[in-house]
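Following: one structure in structure tokens, then a few remarks.
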Amino acid sequence: MKPTALPYALIASLTLLFTNGANAQSAGAPAALFKAHEEVVRELNRAAATSNSAAGVSVSISPGISVRRRMSGVLQYAVMHPFSVEIYRIIEGSGTLVTGGLLNLPLADPIGDNIVRTEHGIEGGTVRQVKAGDVLVLQPGTPHWFSQIDGESITYMESRVRITTAPVRYQ
């Protein structure tokens, strides 16, 4: 290669490198996952019209993130999740939430490895009135139970993230 060709080859290589890098940068990260309030409410209302589940109805926003509505007219199981942390942010309604303590026996039949439940409430625990705007963090293995839902329902955003491979159980 002639000495004068080297700078041109170097300039061409650097230009190509920076151009490809700029193109990769311009694509950027994906946009946030989004579901409008009206769509969430519409989906919750549609699901609630045909459900009487103790778990209520929910609208998935992304894996592990949902908006859930529980209705007052159905049995509320006391539950705990041995592998997951849960975060609740109450959106609408109010009620009495009991956290901590021990699930009263007998336990109900299992419906998965990450939920232990009973129809018989919680022994001990902390009793709190919760309302729109409140945020709760439930550590793995923490029993929780809506012992009372004021009015027809309570709606909350629920984030459940599996954080351990060894179950946490205080039972």
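The values are calculated or read from the model by the stated rules, or taken from the named source; none is laboratory data. Please read all numbers here as calculations on a predicted model, not as lab measurements. Note that we place each Cβ from the backbone using ideal geometry, even for glycine, and neighbour counts take in every protein chain shown.
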Residues of the range 104-125 being under 22 Å from the mean Cα position of the chain (by Cα) and not basic (Lys, Arg), which ones? 110, 111, 112, 113, 114, 115, 116, 118
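Rundown of residues vs (1) among the aromatic types (Phe, Trp, Tyr); (2) in a loop (DSSP other than H, G, I, E, B); (3) closer than 15 Å to residue 152 by Cβ, yes/no style:
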site: 68; (1), (2), (3): no, no, yes
site: 85; (1), (2), (3): no, no, no
site: 91; (1), (2), (3): no, no, yes
site: 108; (1), (2), (3): no, yes, no
site: 113; (1), (2), (3): no, yes, no
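Take the conditions more than 16 Å from residue 160 (Cα to Cα), surrounded by fewer than 19 Cβ atoms within 10 Å (Cβ to Cβ) and in contact with a Leu (Cβ under 7 Å, 6 or more places away or on another chain) and apply them to residue 43. Does it pass? Show your work before the answer.
Working: more than 16 Å from residue 160 (Cα to Cα): yes; surrounded by fewer than 19 Cβ atoms within 10 Å (Cβ to Cβ): yes; in contact with a Leu (Cβ under 7 Å, 6 or more places away or on another chain): no.
For residue 43, the condition - more than 16 Å from residue 160 (Cα to Cα), surrounded by fewer than 19 Cβ atoms within 10 Å (Cβ to Cβ) and in contact with a Leu (Cβ under 7 Å, 6 or more places away or on another chain) - is not met.
Yes or no: the range 149-163 includes at least one residue that is touching a Phe, Trp or Tyr at 6+ places or on another chain (Cβ under 9 Å), farther than 28 Å from residue 47 by Cα and touching a residue at least 60 places away in the same chain (Cβ under 8 Å).
yes
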Show the residue pairs that are 6+ apart or on different chains and have beta-carbon atoms under 9 Å apart, the first residue being within the range 37-53 and in a helix (DSSP H, G or I), the second being surrounded by 11 or more Cβ atoms within 10 Å (Cβ to Cβ) and among the charged types (D, E, K, R). 43/35; 44/68; 44/69; 45/69; 47/69; 48/69
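Out of everything in the range 137-171 that is part of a strand (DSSP E or B) and of a type in the set (D, E, K, R), what residue ends up being surrounded by the most Cβ atoms within 10 Å (Cβ to Cβ)? Write out each step before concluding.
Taking the range 137-171 first, the residues part of a strand (DSSP E or B) are 137-138, 144-162.
With of a type in the set (D, E, K, R) added as a condition, the list becomes 150, 152, 158, 160, 162.
Details: 150: 14, 152: 11, 158: 17, 160: 20, 162: 14.
Filtering first and then ranking leaves 160.
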Taking the residues in the range 20-49 that are polar (S, T, N, Q) and modelled with pLDDT under 85 as candidates, determine which candidate is farthest from residue 137 (Cα to Cα). 20
Which of the residues that make up the range 46-84 are touching an Asp or Glu at 6+ places or on another chain (Cβ under 7 Å) and surrounded by fewer than 16 Cβ atoms within 10 Å (Cβ to Cβ)? 72, 75
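In this structure, does residue 126 turn out to be at negative phi, in contact (Cβ under 8 Å) with a residue 60 or more places away in the chain, surrounded by fewer than 12 Cβ atoms within 10 Å (Cβ to Cβ) and not basic (Lys, Arg)? Please lay out each step first, then the result.
Working: at negative phi: yes; in contact (Cβ under 8 Å) with a residue 60 or more places away in the chain: no; surrounded by fewer than 12 Cβ atoms within 10 Å (Cβ to Cβ): yes; not basic (Lys, Arg): yes.
Against the criterion (at negative phi, in contact (Cβ under 8 Å) with a residue 60 or more places away in the chain, surrounded by fewer than 12 Cβ atoms within 10 Å (Cβ to Cβ) and not basic (Lys, Arg)), residue 126 does not qualify.
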